[in-house]
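Trainee: Have a look at this one.
The values are calculated or read from the model by the stated rules, or taken from the named source; none is laboratory data. None of these values were measured; they are calculated from a predicted model. Glycine gets a Cβ as well: all are built from the backbone with ideal geometry, and neighbour counts include every protein chain shown. When the accessible area is computed, the model is the full protein with side chains, heavy atoms only, and any ligands, DNA or RNA have been set aside. Shrake-Rupley method; radii C 1.70, N 1.55, O 1.52, S 1.80 Å.
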Amino acid sequence: ALERKEVRRILTGLLSRYARIQGKKIWCDKTPYNLKYLTHIEWAFPEARYVCLHRDSLDVVQSCMELPEKDFIWWALPYVIKHRRNYPAAFLESWVEKTLEILAFETRNPLTYRIKYESMVGDPVKALDPLFRFLELEWDPSLLDRVFKVPHDPGGGDYKIKSTSRIEKNRVGRGRSLDR
């Protein structure tokens, strides 16, 4: 119990300080790579709330195909090697593994909230209002306008954020065009 308390104190101190420097009131992390460390994160933060974002598999593959190789090769390399540089197969297998991990996590942890990317894009207010209630935060619809005006850190969670200036509804369903 003492170790957990100390780990939580150190991490909360670092992350809260960083959030304040960035002008934020709270901190969160959306790095997909953290799926590998969920048991550690749960251990350190047993009261944390988790948002589980789900997206159509083929749309994820299509989105990954649009990334420069330097942005995906570090996490996709084992899949790329296994599938002999067949990038769609590699990205799809990665999506399946990550989705299975998320589904298992949702099953064992009651402090999760599932949201679908397609719902968020299709009707952001309808999708995000209940999410904010789950997070015990006040929903402010003006956030949808502000989110793309605020500089974003070049973290490992979203490689396209720097080139995105709005919610793009035409991104939903694009994976259906992949050659099968």
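Trainee: Could you look through the stretch 44-66, keep only residues that are open to solvent by 30 Å² or more (accessible area, probe 1.4 Å) and acidic (Asp, Glu), and pick out the one that is farthest from Ala104 (Cα to Cα)?
Mentor: Looking at the filtered set, the residue picked out is Glu66.
Trainee: If you don't mind, there's one more thing I want to ask. Which one is nearest to Trp74 (Cα to Cα), of the residues in the stretch 1-43 that are charged (D, E, K, R) and either touching a helix residue (DSSP H, G or I) at 6+ places or on another chain (Cβ under 9 Å) or open to solvent by less than 100 Å² (accessible area, probe 1.4 Å) (or both)?
Mentor: Here the answer is Lys36.
Trainee: Being surrounded by 11 or more Cβ atoms within 10 Å (Cβ to Cβ), part of a helix (DSSP H, G or I), touching a helix residue (DSSP H, G or I) at 6+ places or on another chain (Cβ under 8 Å) and not polar (S, T, N, Q): is that true of Ile115 here?
Mentor: Against the criterion (surrounded by 11 or more Cβ atoms within 10 Å (Cβ to Cβ), part of a helix (DSSP H, G or I), touching a helix residue (DSSP H, G or I) at 6+ places or on another chain (Cβ under 8 Å) and not polar (S, T, N, Q)), Ile115 does not qualify.
Trainee: Here's another thing I want to ask about it. Return the residues of the stretch 95-112 that are exposed (fewer than 15 other Cβ atoms within 10 Å of the Cβ) and either touching a strand residue (DSSP E or B) at 6+ places or on another chain (Cβ under 6 Å) or among the hydrophobic types (A, V, I, L, M, F, W, C) (or both); say none if nothing qualifies.
Mentor: Val96, Leu100, Leu103, Ala104, Leu111
Trainee: Among the residues of the stretch 15-27, is any within 22 Å of Met120 (Cβ to Cβ) and either at pLDDT 95 or above or part of a helix (DSSP H, G or I) (or both)? Write out each step before concluding.
Mentor: The initial filter retains those residues of the stretch 15-27 that are within 22 Å of Met120 (Cβ to Cβ), namely 24-27.
Right, trim to either at pLDDT 95 or above or part of a helix (DSSP H, G or I) (or both) and you get none.
Checked against the condition, which is being within 22 Å of Met120 (Cβ to Cβ) and either at pLDDT 95 or above or part of a helix (DSSP H, G or I) (or both), the stretch 15-27 yields no hits at all.
Trainee: I need every pair where a residue in the stretch 79-103 that is in contact (Cβ under 8 Å) with a residue 12 or more places away in the chain and farther than 26 Å from Arg114 by Cβ has its Cβ under 8 Å from the Cβ of a residue that is buried (at least 17 other Cβ atoms within 10 Å of the Cβ) and of a type in the set (A, V, I, L, M, F, W, C), sequence separation at least 6 or different chains.
Mentor: Tyr87/Cys64; Tyr87/Ala76; Tyr87/Val80
Trainee: Go through (1) charged (D, E, K, R); (2) assigned to a loop (DSSP other than H, G, I, E, B); (3) under 13 Å from Asp56 (Cα atoms) and name the single condition Arg84 misses.
Mentor: (3) is the only condition that Arg84 fails.
Trainee: OK, next. Somewhere in the stretch 2-11, is a residue under 20 Å from the mean Cα position of the chain (by Cα) and not charged (D, E, K, R)?
Mentor: Yes, the stretch 2-11 contains at least one residue that is under 20 Å from the mean Cα position of the chain (by Cα) and not charged (D, E, K, R).
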